[in-house]
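Below is one structure, written out as structure tokens; the observations come after it.
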Amino acid sequence: MPSASSVTFSRFASGVTTESAFDVLAVAKKLISQGKDVFELEIGDSPFPSSPSAIPAAKAAMDAGECRYAPSAGLPELRAAAAKYMADEYGVQVTAENVVVGPGAKNFEQLFMECFVDPGDGVLVFTPHFPTYPPNIARRGARMVTAVLSEENQFRPQMRDVKRFLASDPSPKAIVLNTPNNPTGGVATRDDLVALAELVRGRDIAIFSDEPYDRMVWTGKHETPIALPGMLDQCVSAYTMSKSYSMSGWRLGFAVSSQRNIQMLGKLTNTSISCVSPFTQRAGIAVLEHDHDSRENRMRQFHDRLVKLVEQLNAIDGVRCLMPAGAFYAFANVSEICRVNKIRSQGLAMYLLEEADPKTGVACLGGECFGEAGQGFLRLSVAEPPDRLESAAKFMQQAFAHGDRIAGYLAKNPQYRL
Ligand SMILES: Cc1ncc(COP(=O)(O)O)c(C=O)c1O
């Protein structure tokens, strides 16, 4: 237990919530260290090594002495490479001045809120949602307003919710869009985004478009709102090397917007992290320039694993799982199993990890880790190799059949009672 102190935490810190994937990861690692065989489907990380060009480029940059401060907005060459990526992949004609570099995509949640949102402002978030949106909205003293993504609508954002937010919120200021969506795999279509742009164009409304899974769209193709007329001025789109290039530990990403917005995001970077290390940025330039084919090959592997996992999950009694339109998670509806056993889905997830079997476990996340709208679902990432994914699904099938064990777990952990 931390020791008592005369110094009180801020109201924000006292109430801060964190990404629970990391908590489940810690339990899984502890069980593994005690000898348990755990199928690790809890964390959204790529199982592949860093994209091939990353390490040689970073080493060369270190040897060349690139170990000092870099410009806050990023190295001009990385900004230019990112602008070319936007033109090549999405037809967005931007230049290096439209790009700011950051340590992954997550940091842009904070900078976006600092850039546009004042205390009391309303920020619309579609839920289930990435768990660090609420703290980054709370940091600014703003209000999170939620709209539910539902299975019937393939977890696509509904524009009637945007209309309602704009019409009824006392101070609407920003909308957070995440396509492909983590955890649901929902993907906004071009029509959705055209309708969104029509609703906000010319108004004092900013969009944060969180796009870490932009290379993982399995149905249709990835669409970004900044490609639409007028939206460069009103939208900040965030990208990362973490998922497409298997570089989560490097902490590297970038955001794209109008030059005016990017200058402000550069200033805010200056006042916080100063800059991303230049040798990391050199790795980013190298992968953008050279690793297109290996990236697409890895994306195909994620897709193939997902197709199989979804099929195996659907073969389990009481489980229903849509093939996600994007991202590398299966978001399985287990509400029937939850109802029968009177257990919340996060309880079911912890049961699979801790109690279903003494020697083996599956680590995954209850949908509640992404807000209450996720109750009744489990999120499983396809980080493990295909044969392990198949064994994990078989394990789940058997574990769900043991109502007595689930009841025993619930008796010891009543917080998970539905
Ligand atoms: C929706 C979403 N946003 C942001 C991030 C953070 O990515 P990064 O590692 O680039 O900070 C993730 C990672 O899981 C994510 O799923």
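Take each peptide in 239-250, 212-223, count the other Cβ atoms within 10 Å of every residue, and average; sorted highest first, the result is 239-250, 212-223.
Report for the chain the percent antiparallel among DSSP-assigned beta bridges with both residues inside it, nearest 5.
Here the antiparallel bridges make up roughly 45 percent for the chain.
Here the label points at Val27 and Ala315, each 7 Å from Cα along the C-beta direction, are separated by 2.8 nm in the simple model. Relative to the dominant Cα principal axis of the chain, helix 107-116 is inclined by about 60°. Only Lys, Arg, Asp and Glu carry charge here, each on its Cβ (+1 for the first two, -1 for the last two); on that basis the chain has a dipole of about 660 debye about its Cα centre.
Of all lysines in the structure, those lying under 16 Å Cα to Cα from Lys173, and not within fewer than 8 positions of it along the same chain, are Lys163. Taking other C-beta atoms within 10 angstrom as a stand-in for reagent exposure, Val38, Val287, Val123 fall in the order Val38, Val287, Val123, fewest first. Computed as a quarter of the hull surface, the mean projected area of the alpha carbon convex hull for the chain stands at 21.3 nm². Diffusion coefficient (Stokes-Einstein, Kirkwood radius over C-alpha pairs, 37 °C, 0.692 mPa s) for region 54-291: 183 µm²/s, rounded to a whole number.
Amide H to amide H distances under 5 Å link Leu365 with Arg379, where only residues 5 or more positions off or on other chains count and H is placed in the peptide plane.
In terms of other Cβ atoms within 10 Å, Glu109, Glu296 run from fewest to most in the order Glu296, Glu109. Partner aspartates and glutamates whose Cα lies under 15 Å from the Cα of Lys221, excluding those fewer than 8 positions away in the same chain, are identified as Asp88, Glu89, Asp191, Asp192, Glu211, Glu296. If you take the Cα centroid of region 257-287 and the Cα centroid of region 41-82, the two points sit 12 Å apart. Farthest towards the positive end of the charge dipole of the chain, among the residues Leu252, Gln312, Ile32, is the Cα of Ile32, using unit charges on the Cβ of Lys, Arg, Asp and Glu.
Tally Lys/Arg at +1 and Asp/Glu at -1 over every other residue whose Cβ is under 12 Å from the Cβ of Ala286; what's the total? In short, -1. Roughly how tilted is helix 403-412, in degrees to the nearest 10 and between 0 and 90, from the longest Cα axis of the chain? On a 0 to 90 degree scale, this one is about 70.
Summing Cβ point charges (Lys, Arg +1; Asp, Glu -1) relative to the Cα centre of region 54-291 gives a dipole of roughly 380 debye.
Values quoted throughout were computed directly from the atomic coordinates according to the rules given, and no laboratory measurement underlies them. Every value quoted in this text rests on a predicted model; they were computed, and no experiment measured them. No Cβ is skipped: glycine too gets one built from the backbone with ideal geometry, and neighbour counts run over all protein chains shown.
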